[in-house]
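Everything on this sheet refers to the single structure shown next.
The values are calculated or read from the model by the stated rules, or taken from the named source; none is laboratory data. The shown structure was predicted, so the numbers you read here are calculated from the model rather than taken from an experiment. Backbone-built Cβ (ideal geometry, glycine too); neighbour counts: all protein chains shown.
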Ligand SMILES: [Zn+2]
Ligand SMILES: [Zn+2]
């Protein structure tokens, strides 16, 4: 049987995939974008689960504002942050993109926080996300933005995986994940760990430690926190693939969207899809400094738990944005006038001789 998926990748994953001196692909990837019409098979369990989560969350917001103890709201926010770092710095930047390396204690903490966020185990998360980057905006992309905003947000989880996505996923090299004992431990015990970490403990702790009601404890730090967490990640797949500028590569759907970044702490998505192995959210140092995931990785690097942080040099970024960008690089990168020499010197971790001479 011929392959369902065009084996030509529509995106890069690692430096080794690049074909041009400015780290892109030789082929114009915009010609590969597609979404062939098809009949979806609905997954009713997920549809009812998402309905329950969103209705429960609306009531959770009401309770958080009216009857919850302040400790419960602070606790919910703290868990949300841990989950966001577990997913953002863990399953995304570390395990999917290998944009830095981490020692076992850090990998263990990230694995626990990632489990608390319940978005599939690291192994599956990373496989699907690698497929998303490698076959971005094609039928093999799990949340292909060419199928519309709702599909790329949560619609893709309400229907059965398309055969092209399954086939695309099988083409991804996952050797590094098989070799990581932390990833394999989580994969093996996921269905035992996840219900305890994501649902049971966040509900029991507020009742046990500060006498919160069971309803508040269940609906605020558990259901509302979890629903916000999944919507944050979904918004990067949907809104940041549709609205915004494309200063680095205009042939890609992913865009720079500051509103998505403000809510989701991830949203400079044109930069990310152009240079996915760069551990930073953006080349703008000040915005990196304000991004919790990046702050966390930087802090871990200071204490030696994270190392070999990868960054693309400003020269390559400039070359690339001049060749393939939409001309808005001055708003998003080093040319931003708000970005003074003093700020550059203070926040940049890159040795950039061109700027020192300026
Ligand atoms: Zn994306
Ligand atoms: Zn990514």
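Looking at (1) at pLDDT below 70; (2) in contact with a helix residue (DSSP H, G or I) (Cβ under 7 Å, 6 or more places away or on another chain), which is the one condition that is false for residue 333?
(1)
Go through the stretch 4-54 and report how many residues are surrounded by 12 or more Cβ atoms within 10 Å (Cβ to Cβ) and within 29 Å of residue 278 (Cα to Cα).
24
Take the stretch 243-262 and flag every residue that is away from ligand 1 (no atom under 11 Å from the Cβ) and more than 16 Å from the chain's Cα centre (by Cα).
Selection gives 243, 244, 245, 246, 247, 248, 249, 250, 251.
Rundown of residues vs (1) part of a helix (DSSP H, G or I); (2) within 11 Å of ligand 2 (Cβ to nearest atom); (3) in the same structural domain as residue 323 (by TED's automatic domain parsing), yes/no style:
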{"residue": "252", "(1), (2), (3)": "no, no, yes"}
{"residue": "263", "(1), (2), (3)": "yes, no, yes"}
{"residue": "270", "(1), (2), (3)": "yes, no, yes"}
{"residue": "273", "(1), (2), (3)": "yes, yes, yes"}
{"residue": "276", "(1), (2), (3)": "no, yes, yes"}
{"residue": "282", "(1), (2), (3)": "no, no, yes"}
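Looking only at the stretch 43-54, decide whether some residue is in contact (Cβ under 8 Å) with a residue 12 or more places away in the chain, more than 29 Å from residue 261 (Cβ to Cβ), in the same structural domain as residue 198 (by TED's automatic domain parsing) and in contact with a strand residue (DSSP E or B) (Cβ under 7 Å, 6 or more places away or on another chain).
For the stretch 43-54, residues in contact (Cβ under 8 Å) with a residue 12 or more places away in the chain, more than 29 Å from residue 261 (Cβ to Cβ), in the same structural domain as residue 198 (by TED's automatic domain parsing) and in contact with a strand residue (DSSP E or B) (Cβ under 7 Å, 6 or more places away or on another chain): present.
Is at least one residue of the stretch 341-353 modelled with pLDDT of 90 or more, under 23 Å from the mean Cα position of the chain (by Cα) and in a loop (DSSP other than H, G, I, E, B)? Don't jump to the end; show me each part of the working.
Looking only at the stretch 341-353, we keep the residues that are modelled with pLDDT of 90 or more, and these are none.
Scanning the stretch 341-353 turns up no residue that is modelled with pLDDT of 90 or more, under 23 Å from the mean Cα position of the chain (by Cα) and in a loop (DSSP other than H, G, I, E, B).
Output yes when any residue across the stretch 308-318 is outside the structural domain of residue 146 (by TED's automatic domain parsing) and within 19 Å of residue 81 (Cα to Cα), and no when none is. Steps first, please.
Step one: filter the stretch 308-318 for residues outside the structural domain of residue 146 (by TED's automatic domain parsing), giving 308-318.
Now drop any that are not within 19 Å of residue 81 (Cα to Cα), which leaves none.
No.
With crowded, with 23+ Cβ neighbours inside 10 Å and either at negative phi or in contact with a helix residue (DSSP H, G or I) (Cβ under 7 Å, 6 or more places away or on another chain) (or both) as the only criterion, which of 110, 58, 63 stands out? Don't jump to the end; show me each part of the working.
Numbers: 58 fails: crowded, with 23+ Cβ neighbours inside 10 Å; 63 fails: crowded, with 23+ Cβ neighbours inside 10 Å.
That would be 110, the only listed residue that is crowded, with 23+ Cβ neighbours inside 10 Å and either at negative phi or in contact with a helix residue (DSSP H, G or I) (Cβ under 7 Å, 6 or more places away or on another chain) (or both).
Among the residues of the stretch 294-311, are any within 16 Å of ligand 2 (Cβ to nearest atom), closer than 28 Å to residue 237 by Cβ, crowded, with 22+ Cβ neighbours inside 10 Å and modelled with pLDDT of 90 or more?
Scanning the stretch 294-311, I find at least one residue that is within 16 Å of ligand 2 (Cβ to nearest atom), closer than 28 Å to residue 237 by Cβ, crowded, with 22+ Cβ neighbours inside 10 Å and modelled with pLDDT of 90 or more, so the answer is yes.
Please specify each residue of the stretch 204-226 satisfying the condition of being buried (at least 21 other Cβ atoms within 10 Å of the Cβ) and in a helix (DSSP H, G or I). Talk me through it step by step, then tell me what you get.
Our first condition is that a residue be buried (at least 21 other Cβ atoms within 10 Å of the Cβ); within the stretch 204-226, this holds for 206, 212, 216-226.
Correct list: 206, 216, 217, 218, 219, 220, 221, 222, 223, 224, 225, 226.
Just to be sure before I move on: is residue 269 farther than 19 Å from residue 314 by Cβ and either more than 13 Å from ligand 1 (Cβ to nearest atom) or within 13 Å of the chain's Cα centre (by Cα) (or both) in the structure I sent?
On the way: farther than 19 Å from residue 314 by Cβ: yes; either more than 13 Å from ligand 1 (Cβ to nearest atom) or within 13 Å of the chain's Cα centre (by Cα) (or both): yes.
It is true that residue 269 is farther than 19 Å from residue 314 by Cβ and either more than 13 Å from ligand 1 (Cβ to nearest atom) or within 13 Å of the chain's Cα centre (by Cα) (or both).
Being assigned by TED's automatic domain parsing to the domain that holds residue 209, touching a residue at least 60 places away in the same chain (Cβ under 8 Å) and within 16 Å of ligand 2 (Cβ to nearest atom): is that true of residue 97 here? Walk me through it before giving the result.
Numbers: assigned by TED's automatic domain parsing to the domain that holds residue 209: yes; touching a residue at least 60 places away in the same chain (Cβ under 8 Å): yes; within 16 Å of ligand 2 (Cβ to nearest atom): yes.
Yes; evaluated as a whole, the condition is true for this residue.
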